[in-house]
Amino acid sequence: MLILAPAGSSYRVVTKTTVTRLPIRMLDTKSNGWHDISVVGGRPLYEAELSFDGTTYPTNPSVAPASRVRGTAKGRTVISENSKDSPLYEPELPVQE
């Protein structure tokens with residue numbers, strides 16, 4: 001998973017997170033001004049919470065500082081399990097003259 005932030009007319013990579021499975025949720029809670037994120041990771045699989053430390057998010061949801069979500073974390077699903085074969089955005093078509 002890549003977490004990007006606007007940088008001028010483009011984006012910069014904030015974090016590359018490995019071993020991440022869907023769904024990906026943006027949680028209602030925040031750390032250092034950024035939303036906490038939950039993903040599925042670990043063995044056996046569980047929902048893990050990734051919190052922003054002021055610079056980055058954890059790069060692996062299976063190890064600290066990521067933590068297992070206890071109970072039900074509130075948030076909004078931004079990429080569902082059903083999104084695997086669907087584009088997240090419509091690519092811009094080239095302008096024909």
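The values are calculated or read from the model by the stated rules, or taken from the named source; none is laboratory data. Just so it is clear, the model here is predicted, and its values are computed rather than measured. Cβ: placed from backbone, ideal geometry, glycine included. Neighbour counts: every protein chain shown.
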Give the number of residues within the range 16-43 that are under 15 Å from residue 79 (Cβ atoms) and either touching a Lys or Arg at 6+ places or on another chain (Cβ under 9 Å) or at pLDDT 95 or above (or both).
10
Among the residues of the range 44-63, are any in a strand (DSSP E or B), modelled with pLDDT of 90 or more, closer than 19 Å to residue 3 by Cα and among the polar types (S, T, N, Q)?
no
In the range 1-43, the residues that are touching an Asp or Glu at 6+ places or on another chain (Cβ under 8 Å), of a type outside the set (D, E, K, R), in a strand (DSSP E or B) and free of Cβ contacts under 8 Å to residues at least 40 places away in the same chain:
31, 37, 38, 39, 40
The residue from 6, 58 that alone is buried (at least 16 other Cβ atoms within 10 Å of the Cβ), over 16 Å from residue 75 (Cα atoms) and either more than 9 Å from the chain's Cα centre (by Cα) or among the aliphatic types (A, V, I, L, M) (or both) is 58
